[in-house]
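Enquirer: Pasting a structure here, questions to come.
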Amino acid sequence: MNRRSLLKSTLATTAAVCVPTIVPAHVLRGPLAPSNRLNIGQIGCGRIARGHDLPEVMKNDSARVMAVCDVDSKRKEKGKSFIEGWYRDNRSGDSVEVTMYDDYRELLANSDIDGVVISTPDHWHAQPAIEAALAGKDIYLQKPTSLTVEEGRMMSDIVHRTGVVFQLGSQQRSMDPWPQFKRACELVRNGRIGKLTAVKVGLPSDPAGGDPTPMPVPDNLNYEMWLGSTPHVPYTLDRVHPQDDFSRPGWLRCEQFGAGMITGWGVHHVDIAHWGMGTEFTGPIEVDATASFPVEGLWNVHGPYHVEARYANGVLMTIDGELPNGVRFEGENGYVFVSRGSVAVTASDPNFGNSEAFATNLKGSDLEIGDGDIQLYASPEQHTNWLDCMKSRALTISPAEVAHRSCTACLISHVAMKVPRKLEWDPVNERFRNDDEANRMLSRSQRWPYGYENVPALVRG
C-alpha cells in the first residue's frame, strides 16, 4: 500500500478524533450576546476580498476585521491600509489596528480570532478551510470549495466533525441582493410548473491567451507558497495576479489553479439548480460532456462546452455556454428562468449583457407562495448570515455539505469533458462506476510540504 492509499484509508478516522487545538471562546460558550463583537481574520487580500468580502463583513457592527494574511506583501499591506481606512471613514471613533501575517497558519494560531474569510485562489480553498476548522475557526469560503472531489469531501467531513460554522460564498441564495433566486426555487419546489423535467444552465467561458514567457519572481511574492500543492512552474505575470491593480487574475484561466467557468460560475448556478430540484445532498447519476481546450498560449481552461447530467429523479440538467446566463427550470406546465440580471458582485466582474433577472409563463395565483407552501431558508446578505450564525451557532444558508455537492456536480462535469464517453456516477460513494481512468481524476498529487495530505493534525494520527 503506497502513502496515498494509506492516507485515504486512515484520513477519515484521523479526522474523526482530531479536536481543535485552539478554540475561540465563542465556540465553547455557545451563542454570543448580541452586543459581543466577532473578531475576523482575512486570508487573501486580492480582487474578491477588496471588492466584495471585506466590505460586506465590515459593514456589520457585529464584526471587526482585525488581521490579514497574503503571500504577496504588497497586497497584505494594502489590505491592512484598506481595512483601517474603511473603519476610520465609516465608523467614527472606531479605530482598528490590523495585524499582518505572511502565513495563514500563524493567523489561525491567534486565539483572539473567531472566524476567517478565505478569499484565495481556487487551489488554496480546501486546505486552509480544513486547517481553520481544525483550529476551531468559523469559516466563510469563496467558491468553489475545492478543485477535486476528494479534498472537498475531506473538507466537508472535518467541518461537520469540528462543529465550526461554515458558509460558502454562493450568495445567489441570499435575499440581498438577489431575492429572485429563492422565489424561483420556491415556485419549482411547490410544483407550480408541474413535474420538473429539465434544468438548463447558461454559463460563460474563458478566453485563450496569456503570455507563458518566464519572468523573475517579484520580491514581494512568496511564489513557492502561492503555488502550494500544485507542481512547480516558472513564474509569469499572466499565471498569477496583476502587480499594479486588482483586475481579474490570470490564474483563473489556468487548469493548475482552477477548472475554468464550469466551477467559477458553475458552482453558483448549479447550486441554484440543486436548490430548486431539492437535490442539495446528492448529485447526478450520469454525466456526459464535450469541450474544446486551447492548444496555444498559457491559459488552458476549457473553452466552448456542453454538459448533460441526469439525476435520479429523471431530470436532465444541461450546462452550455450558448444558453442565456442563468438557470431555467422547465416543467410539464411551465417554466421559470432566473439570473443575476445586470447586478455584478465586484466592479471587475464581466458583463454578460443579460438584464433579465426573472421570467416565467406562470400567471395569477401560481406565482404566489402561501403559508402552507414550502418556504426555503430566507437569509440576509451572505456574509451577514454567516456572522449571525456565528453568534447563534445555527446552520448557514450555504453549509459545507451543500457547498461540496454543488461543487462536485461541476467537478465531475469537468472530468467528463476529459474523457470521450458517458460516465455513471455514484453520489453516495462519490465514485464513477467501473471507470478507473475517470476515478483517478477525483484527486491529484500534492506537492510537499503543501496539500491536506501534509497537514500535521491529520497525518500524525
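Enquirer: What ³J(HN,Hα) values, in whole Hz, does the Karplus curve 6.51 cos²θ - 1.76 cosθ + 1.60 give for segment 429-440 when θ = phi - 60°, with x put for Gly and Pro?
Expert: Values per residue, Gly and Pro as x: 8, 6, 9, 6, 7, 6, 9, 5, 4, 5, 5, 5 Hz.
Enquirer: Under the rule of -39500 (n - 2.57) per DSSP H run of 4 or more residues, summed and divided by the residues of the chain, what mean residue ellipticity at 222 nm is obtained, to the nearest 500 deg cm²/dmol? Kindly include the intermediate steps, with their values, before the conclusion.
Expert: On the way: 15 runs with 142 residues, N = 461.
Calculated from helices alone, the mean residue ellipticity at 222 nm is -9000 deg cm²/dmol.
Enquirer: Restricting the count to DSSP beta bridges whose residues both fall in the chain, what percent are antiparallel, rounded to a multiple of 5?
Expert: 55
Enquirer: Report the charge-dipole magnitude of segment 218-295 in Debye, nearest 20, computed about the Cα centre from +1 at each Lys and Arg Cβ and -1 at each Asp and Glu Cβ. Before the final figure, lay out each step's value.
Expert: Values: 3 positive and 10 negative charges, 18 e Å.
Taking the Cα centre of segment 218-295 as origin, the dipole is about 80 debye.
Enquirer: Name the residues whose placed amide hydrogens come within less than 5 Å of the amide hydrogen of Asp206, ignoring near sequence neighbours (fewer than 5 apart) on the same chain.
Expert: Met261
Enquirer: Run the quick spin-label model on Arg431 and Asp94: label points 7 Å from Cα toward the beta carbon, then report their separation in nm to one decimal.
Expert: 5.2
Enquirer: Rounding to the nearest 20 debye, state how big the charge dipole of segment 120-217 is about its Cα centre with +1 on each Lys and Arg Cβ and -1 on each Asp and Glu Cβ. Don't skip to the end; give the middle numbers.
Expert: Working: 11 positive and 10 negative charges, 158 e Å.
Computed charge dipole of segment 120-217: roughly 760 debye.
Enquirer: Does the chain classify as rounded, prolate or oblate by the C-alpha gyration tensor (a ≥ b ≥ c root eigenvalues; a/c under 1.5 gives rounded; else a/b over b/c gives prolate, otherwise oblate)?
Expert: Rounded.
Enquirer: A further question on this structure: Taking segment 231-340 on its own, what percent of its Cα-Cα pair distances exceed 21 Å?
Expert: Working: 2872 of 5995 pairs.
Here the long-distance tail beyond 21 Å is 48 percent of all Cα pairs in segment 231-340.
Enquirer: List the residues, sorted by chain then number, that are 5 or more residues from Phe293 or on another chain and whose placed amide H is less than 5 Å from its amide H.
Expert: Residues meeting the amide H criterion: Gly303.
Enquirer: Within segment 133-240, how many Lys pairs that are eight or more residues apart, or on different chains, come under 27 Å at the alpha-carbon? It would help to have the intermediate numbers written out before the result.
Expert: On the way: Lys143/Lys182; Lys143/Lys200; Lys182/Lys195; Lys182/Lys200.
Number of lysine pairs found: 4.
Enquirer: Treating cross-link reach as a plain straight distance, find the aspartates and glutamates whose alpha-carbon is under 13 Å from the alpha-carbon of Lys74, omitting any fewer than eight places away in the same chain.
Expert: Asp102, Asp219, Asp244, Asp245
Enquirer: What does the charge dipole of the chain about its Cα centre add up to, to the nearest 20 debye, if the Cβ of each Lys and Arg holds +1 and the Cβ of each Asp and Glu holds -1? Before the final figure, lay out the partial values.
Expert: Values: 47 positive and 57 negative charges, 132 e Å.
The dipole magnitude comes to about 640 debye.
Each reported figure results from applying straightforward, stated rules to the coordinates on display, with no laboratory input. Everything quoted here is computed from the prediction, not taken from an experiment. All Cβ positions, even for glycine, are placed from backbone atoms using ideal geometry, and neighbour counts span all protein chains on display.
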